[in-house]
1. If Thr299 passes every condition in (1) at pLDDT below 95; (2) touching a Phe, Trp or Tyr at 6+ places or on another chain (Cβ under 9 Å) but one, which one does it miss?
2. Does Leu129 satisfy the condition of being part of a helix (DSSP H, G or I), of a type in the set (A, V, I, L, M) and over 19 Å from the mean Cα position of the chain (by Cα)?
3. I'd like the residue in the range 33-58 that is assigned to a loop (DSSP other than H, G, I, E, B) and small (Gly, Ala, Ser) and, out of all such residues, is nearest to the chain's Cα centre (by Cα).
4. Might you let me know whether the range 286-296 holds any residue that is of a type outside the set (A, V, I, L, M), in a loop (DSSP other than H, G, I, E, B) and in contact (Cβ under 8 Å) with a residue 24 or more places away in the chain?
5. Within the range 189-200, is even one residue closer than 19 Å to Leu104 by Cβ and more than 22 Å from the chain's Cα centre (by Cα)?
6. Output the residues belonging to the range 177-196 that are in contact with a Ser or Thr (Cβ under 8 Å, 6 or more places away or on another chain) and assigned to a helix (DSSP H, G or I).
7. Asp309 fails exactly one of the following numbered conditions: (1) part of a loop (DSSP other than H, G, I, E, B); (2) at pLDDT below 95. What is the number of that condition?
8. Show the residue pairs that are 6+ apart or on different chains and have beta-carbon atoms under 8 Å apart, the first residue being within the range 132-152 and assigned by TED's automatic domain parsing to the domain that holds Glu171 and free of Cβ contacts under 8 Å to residues at least 24 places away in the same chain, the second being aliphatic (A, V, I, L, M) and loosely packed, with under 12 Cβ neighbours inside 10 Å.
Amino acid sequence: MDQIIVTGNGPLSGQIPIAGAKNACLTLMPATLLSDEPLTLTNAPRLSDIRTMTTLLQSLGAEVQALQDGQVLAMSSHDLTSTRADYDIVRKMRASILVLGPLLARFGHAEVSLPGGCAIGARPVDLHLKAFEAMGAELDLRDGYVHAKAPAGGLKGGIVEFPFVSVGATENALMAATLAKGTTVLKNAAREPEIVDLAECLRRMGAQIEGEGTSEITIQGVDRLGGATHRVVTDRIELGTYMLAPAICGGEVECLGGKIDLLAAFCEKLDAAGVSVEETPNGLKVARKNGRVSAVDVTTEPFPGFPTDLQAQMMALLCTAEGTSVLEEKIFENRFMHAPELVRMGAKIDVHGGTAKVTGVNRLRGAPVMATDLRASVSLILAGLAAEGETIVSRVYHLDRGYEHVVRKLSGVGAKIERVSGQ
């Protein structure tokens, strides 16, 4: 099993290109199931999760071709052979549940296995199912599968009010509603840039959607959707991750393709910690303002709040800050698994339930550590950039799900990092 070895060696300098968003692309890909015409995605990230979604779509009979070194995905669902998403594929990735809405809306029935993914909390799919029920669907959970059936004549418009914000449920309901009869209103909808990106793509396909980016989205169903070409939005989580690299070990890095409005709450916390973020014609330039960063308190929230997917990386930075920081995780109940590994590197972290108190130390120390999930894995790499000596990160297959060419990108700005075959 591969490992990544990081040796702290001072400030970074240069440019890092930011890929298209994994979470956006994984939502856009199932949209091909809504139409019998081609859907082409450009600026696609080259990740194992994208390959998993490709395999899932192909298992349904969709055609998916990766072109231009994988950065263009040409898809067509003109001749699907199945509406059943099998456990063997779905278990690998939670985003697989996003095929349910499109299949149900276009074909009137679907069988989709309950999904898997990172072990960062229960993340139930009940909000997805309640949304479909509000559109008239009949649902039966048995043998580990969701068996869904639309009423005669297809899904019907309805009012879907989410009891709490859910990105995945908003995406699934949004796709299903595009082909429902009548008007569907999604209340307390997620507002993430990935939602806006999906709505823009669906609109290019002929959908009638208003209100994306706000807490209420209105969809007027249409009889059919057509083909389109759409560019995947910049990955704000990869962007935030690489913005933290010069913050944690010094220097100045320009993140190409970055925009502050993708990460406004995150940028506010960096500013409070003593990190400068400056917009350039090509992206965002990031550097410490002067010396050691300062402690800040962080609470994860749905967009436009501080992203839960940057909490682990921010914790790595705060391990080296002057003072004590408090991080409160309000999205997932089991997302501090990286804390014990950071403690192995000399960090001072006290976790109680959904709150972690981090007291900064002058210097972290390199150590063998183990990645527990996608974002935890990259947080340990960031910590290794600031540590004295060598940090060996094991179980880095998590990393391949969400970061393309992480070694190449960091070594390109001066980091001492390599990937080796594990023992």
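1. (1)
2. When the stated conditions are applied, Leu129 passes them.
3. Filtering the range 33-58 for residues that are assigned to a loop (DSSP other than H, G, I, E, B) and small (Gly, Ala, Ser), the one nearest to the chain's Cα centre (by Cα) comes out as Ala44.
4. Within the range 286-296 (the criterion being of a type outside the set (A, V, I, L, M), in a loop (DSSP other than H, G, I, E, B) and in contact (Cβ under 8 Å) with a residue 24 or more places away in the chain), the answer is yes, since at least one residue qualifies.
5. No, the conditions are met nowhere in the range 189-200.
6. Those that are in contact with a Ser or Thr (Cβ under 8 Å, 6 or more places away or on another chain) and assigned to a helix (DSSP H, G or I): Ala177, Glu194, Ile195.
7. Among (1) part of a loop (DSSP other than H, G, I, E, B); (2) at pLDDT below 95, Asp309 violates only (1).
8. Listed by first residue and then by second, the contacts come to nothing, as the list is empty.
The values are calculated or read from the model by the stated rules, or taken from the named source; none is laboratory data. Just so it is clear, the structure is predicted and the values come from calculations on it, not from any experiment. A quick note on method: Cβ atoms are made from the backbone with ideal geometry, for glycine too, and the neighbour counts reach across all protein chains shown.
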